[in-house]
1. Whole Å is fine, so just give me how far the alpha carbon centre of segment B:91-136 lies from that of segment B:189-261.
2. Sort out the exposed loop chymotrypsin sites (Phe, Trp or Tyr not before Pro) in chain B (DSSP loop, at most 14 other Cβ within 10 Å) and tell me the longest stretch that has none.
3. Enumerate the calculated ³J(HN,Hα) couplings along segment A:32-43 in order (Karplus 6.51 cos²θ - 1.76 cosθ + 1.60, θ = phi - 60°), each rounded to whole Hz, writing x wherever the residue is Gly or Pro.
4. Whole angstrom only: what separates the Cα centroid of segment B:139-163 from the Cα centroid of segment A:50-113?
5. Got a sec? Which residues in segment B:110-150 would a label at A:Arg20 touch, if it sits 7 Å along Cα→Cβ and we count backbone N under 12 Å?
6. Quote the relative contact order of chain B in percent (integer), defining contacts as alpha-carbon pairs under 8 Å separated by 6+ residues.
7. So what's segment A:194-310 giving for Rg/Rh, alpha carbon basis, Kirkwood Rh from the mean inverse pair distance?
8. How much length, in nm to one decimal, is gained on full extension between B:Asp246 and B:Leu43, taken as 0.36 nm per residue of separation minus their Cα-Cα distance?
Amino acid sequence: MTSATLGVRRGRAKGSPLARRRRRVFGPFLAPALILYTIMFMVPTAYSFYASFTSWDGFSNPRWKGTLNYDHLRHDPAFKDAFFNTLKLLFGCGIFLFILSFAFMLMLREMKGRRFIQGFIFLPHIVSGVALAAFWDFLLNHDGMLNKGLHSFGLGPVDWLKPQWQFNAILIAIVWINTGYYVTILMAGVDRIPPYYYEEAKLAGTNSWQRFRHITLPMSWDVIGTAAVLWTIGTVKIFEFILAFSGSQGNLPTTNQWTSAMYVYGETIGGTSPIYDFGRACAGAVVTLVAVVLVVVVLRRVTSRDRLEL
Amino acid sequence: MSTATTGSRAESAAQDPDTPAAAPAGRRRVPWARLPGAALIWLFVAFCAFTFLFILLSSLKSSYNVLNHPFRLPTELKFSNWSKAWHDGGFGPAFVNSVLVVVFAAAGTVLLASPAAYVLGRNQNRLSGGVSMYFVLGLGIPMQIIVLPLYSIMAKMHLIDNLAGLIVLYIVVNLPFTVYLLMSFFASLPGELEEAAALDGVGPGMTFWRIMLPLAKGGLMTALTLVAIACWNETFLALMFLQTNDNFTLPLALVNFLTQQQFTGEDFGVMFAGVSIAVLPMLALYAWLGRRITEGLTLGAGK
């Protein structure tokens, strides 16, 4: 660099000593994280897309087989179960969870001790899903607590965990685990609505329903949208609760309890007799990722359009 | 709406639940109209409290009493459940493994993420914007998409069933969130001190180390805590990458214990002692740093 260009650069605001110093460390400060993240996160992501078109056991070199894995997925009952259970969690559980969280949030805002309650219902979110599953199983078991409680009222034991019901028990548990988290997120969003909106609406003689309908609801679309995106990303991670709750004697849960993450584990190294079908598991993971991306894009569009209508 | 001017007002309203902002509706309405809702919330709170009390109390009861008198308080305190869980149930070694993994993974993640977050948060240009987006992208990619190629890489490096290998994986998967969290933290710090340091001729590395890091202490603590919680409870990767009991972390020890119980007959007292060993450290951490944890975990949701 010649001294002439140096002079020109120094003359600009960007060439302040501080900015130049920052530029000098930009590379070295960023490099370790960026390199590790690229090699062990983004490259594996890309590789999964490639591997989904191959036959691969994870050890030897993958062999190209076109779209066969995807063709197979369409007829694989285990994958169908896993995929539809994930959708069930995403939408069925999600709608219930959001209505409950939003209602709790609104009520909590008017209750005494709301900080305390909010802190308390957050608890299940920060402990191990396996631990909660152990408790949940003890609660609903045939000899479990709920039936013991019913028995003392003279009511017969109910088979809470019969196959048709078991996944519903999981759905309820997942709602329970996540409610506190989403109440807190929604609360933070609604707290940001400027108070004078309400003050002026009150002066205009509105009732509380009108204030809710025309201030709280439209102004929380933003945070509801973000929370929905978080939930979408979160549902595909649900794994250990189901494994610990429904798995038995070292076997994986039956496939009608599977989710997307369970499929990847079950098709590769999981269970008492592993299958090692890495290629097909990658295809399953890719389908899940694509579904997540689609849902996120739709959610973003819906929530941003509704905000514009304001 | 200009958030800059109203932000502080909204925030101060948020601190105090009795301001008009926090109670916009229905203050003067008949209180019993809200009763069903309040009852439902208290029921929910009671269930959460019951869950954790039940786990802790049952860990001190005999298996017979846990099963047959679940709602009764323990008559005698059976601490032997805890020593059985610790020594025979595999929870002792698993606890040590979990602590090791959590300490190294949390420290490693923050060590790598904070310089990156510093330069990304304080440089506002196209390049840093693009790199930030690149990190944020990782927040949306589920674990199952990266885990199989990683398995292959780790197998080639003989890092399967190896705690050091698991620590590296935990650092990697926690990087996107930690960079994102710390980035907004560094961006919010005042620039004057940094400028003064530059004018005084303090080198950029020193400026970061001696001036910016201490200023960001709160954010670093939050990041450490959140990564620690995530790693303490993490099960999917641990299950994929650990194989022998000696290397198991607590969630795996618990899964393993639950499985073995189904073969050898069940001791619920010991089981809940094991559950307590996995849960109590998190409860303690939450009691200590509660606000920091909830705020960190929900950060960015409103943006």
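1. Segment B:91-136 and segment B:189-261 have Cα centres spaced 6 Å from each other.
2. Numbers: sites that count: B:Phe71, B:Phe79.
Counting at most 14 other Cβ atoms within 10 Å as exposed, the longest clean stretch of chain B is B:80-303.
3. x, 5, 5, 5, 4, 5, 5, 5, 9, 10, 7, 5
4. Computed from Cα coordinates, the inter-centre distance equals 20 Å.
5. Counting only backbone N, you get no residues.
6. After rounding, I find 29 percent.
7. Numbers: Rg = 22.0 Å, Rh = 17.6 Å.
Rg/Rh: 1.25.
8. Once the chain is fully extended between B:Asp246 and B:Leu43, it gains 69.0 nm.
The values are calculated or read from the model by the stated rules, or taken from the named source; none is laboratory data. It should be emphasised that the depicted structure is a prediction, and the values quoted were computed from it without experimental measurement. In this analysis, Cβ positions are derived from the backbone assuming ideal geometry, glycine residues included, and neighbour counts consider all displayed protein chains. Areas reflect the complete protein model, heavy atoms only, side chains present, ligands, DNA and RNA absent. Shrake-Rupley method; radii C 1.70, N 1.55, O 1.52, S 1.80 Å.
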